[in-house]
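Single-structure report; data block below.
The values are calculated or read from the model by the stated rules, or taken from the named source; none is laboratory data. What you see is a predicted model, and the numbers here were worked out from it, not measured in a lab. As a convention, Cβ positions derive from the backbone with ideal geometry for all residues, glycine included, and neighbour counts pool all protein chains shown.
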Amino acid sequence: MTQEKLDRLEQLITDRLPELARERLADALIVRVTPETLVATMTRLRDDPELNFTQMVDLTGVHYPQREKPLEVVYQLLSVHKNHRLRVKLAVDEQTPVPSVIDVWWCADWFERETYEMFGILFSGHPDLRRLLTDYDFEGYPLRKDFPLSGLTEVRYDPAQRRVIRQSLQMVHPNREPYQANPS
């Protein structure tokens, strides 16, 4: 977005939602919310005719292990009619559930499921929070920074045994120590 558009959007957000913390980057405006204010803020961003963020383009998570609240949910919003984009961020710890925004944008369904599966972020009020991309008995959250690079097992079909088997797997990455499930 141009600087003029960013200036106008920042002024609109300041006027309409003054309680939100804002952060300005070179090409984006970021607002920060809490779990308690998330759904009301998102509904206001969607329904206010001056803001008109009718589309949620993306929802994902980020893992910052060194922070007090190590998980962050990031929403990318788009106003087609106003030609504005907005990034909404919400920091949480591993136990705090994030309210689902399915009632605001129905497309959040699969985004929230994927974010739960990859980062372990729980979404309260989600009607079907189960895995999409990994096996149901998969352990861990693959996009967290502390997830091991070397897997513990591989599931594959063995034509000699004519069945699916699990076997130990060790992949070595040159810049990391090998992961040990039970260090001694």
**OP:** For region 124-166, enumerate the residues that are of a type in the set (A, V, I, L, M) and farther than 30 Å from TRP105 by Cβ.
**Re:** LEU149, LEU152, VAL155, ALA160, VAL164, ILE165
Original post:
Taking region 151-169, which residues are part of a loop (DSSP other than H, G, I, E, B), modelled with pLDDT of 65 or more and either in contact with a strand residue (DSSP E or B) (Cβ under 9 Å, 6 or more places away or on another chain) or surrounded by 10 or more Cβ atoms within 10 Å (Cβ to Cβ) (or both)?
Top reply: LEU152, LEU169
**OP:** Quick one: count up the residues across region 14-57 that are closer than 11 Å to LEU86 by Cα and in contact with a helix residue (DSSP H, G or I) (Cβ under 7 Å, 6 or more places away or on another chain).
**Re:** 7
Original post:
Hey, VAL62 hits all of (1) assigned to a loop (DSSP other than H, G, I, E, B); (2) of a type in the set (A, V, I, L, M); (3) modelled with pLDDT of 95 or more but one; which does it fall short on?
Top reply: (1)
Subject >> Hits in region 26-59 (condition: assigned to a strand (DSSP E or B) and out of contact with any Phe, Trp or Tyr (no Cβ under 6 Å at 6 or more places or on another chain)) >> reply: LEU29, ILE30, VAL31, ARG32, VAL33, GLN55, VAL57, ASP58
Subject >> Residue selected from region 65-117 under the condition in a loop (DSSP other than H, G, I, E, B) and among the hydrophobic types (A, V, I, L, M, F, W, C), by the criterion surrounded by the most Cβ atoms within 10 Å (Cβ to Cβ) >> reply: VAL101
**OP:** Filter region 32-64 down to residues that are of a type in the set (D, E, K, R) and in contact with a strand residue (DSSP E or B) (Cβ under 9 Å, 6 or more places away or on another chain) and give me whichever is surrounded by the most Cβ atoms within 10 Å (Cβ to Cβ).
**Re:** ARG46
